[in-house]
């Protein structure tokens with residue numbers, strides 16, 4: 001297996017564990033914080049989040065499978081570093097995602113307006129990297145299987161809806177002290 005693909009798998013394993021670990025830490029340390037973590041999102045929108053989270057997770061696995069099927073030596077993305085851009089984008093998404101819950105809990109405990117903006121910035125970083133991933137999926141060449149690429153792009157649309165619209169816009173605008 002190509003070294004860049006091995007790196008992508010390692011980034012996903014370590015980053016995924018960091019994200020899940022941050023959630024486990026958050027819910028074990030602050031067991032009654034679930035309502036607070038909605039950040040003021042109206043109750044009517046919460047079912048949309050629930051469905052979207054499952055679609056985003058499924059989409060993540062689908063576009064990851066597509067990316068792992070690319071030829072790492074031949075993958076080209078105009079004006080980018082080929083396959084390496086995927087590794088960088090995944091790392092940014094996963095590191096920033098792992099920081100969200102600890103930053104949010106710290107913000108709530110300190111009641112700091114500056115920290116509110118730091119949490120919003122963290123979500124914006126995830127959103128921008130998600131859009132970068134979407135762009136890379138649209139532009140990557142050569143395309144091995146068109147149907148799998150279309151499915152990967154659709155999966156990334158669900159992922160971007162969650163990270164850009166629901167998290168970086170809706171949640172961030174509703175999160176205040």
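Rule-based calculations on the coordinates, nothing more; no lab input. All values derive from a computational prediction rather than experimental measurement. For neighbour counting, all protein chains shown are included, and Cβ atoms are generated from backbone atoms with ideal geometry for every residue, glycine included.
Helix 146-160 and the long axis of the chain differ in direction by around 20°, with both axes built from C-alpha atoms. Principal-axis analysis of the Cα atoms of the chain puts helix 46-69 at an angle of about 30° to the longest axis. Protection proxy ranking of 39-45, 117-123, by the mean of other Cβ atoms within 10 Å over each peptide's residues and highest first, is 117-123, 39-45. Our analysis of the chain gives Rg over Rh at 1.00, with the two radii drawn from alpha carbon positions and Rh computed by the Kirkwood formula. With neighbour counts taken as other beta-carbon atoms within 10 Å, the residues 163, 107, 50 rank, fewest first, as 50, 107, 163.
Here the spin labels are modelled as points 7 Å beyond Cα on the Cα-Cβ line, and at residue 17 and residue 32 they lie 3.4 nm apart. By the beta-carbon count within 10 Å of each Cβ, the least crowded to most crowded order of 61, 86, fewest first, is 61, 86. Fully extending the segment from residue 106 to residue 148, taken as 0.36 nm per residue of separation minus the present Cα-Cα distance, adds 11.0 nm. Enter the angle in degrees (range 0 to 90, nearest 10) between the Cα long axis of helix 3-29 and the first principal axis of the Cα atoms of the chain, meaning the one along which they spread out most. Once rounded, the angle reads 10 degrees. Listed from fewest to most Cβ neighbours within 10 Å, the set 94, 10 follows the order 10, 94.
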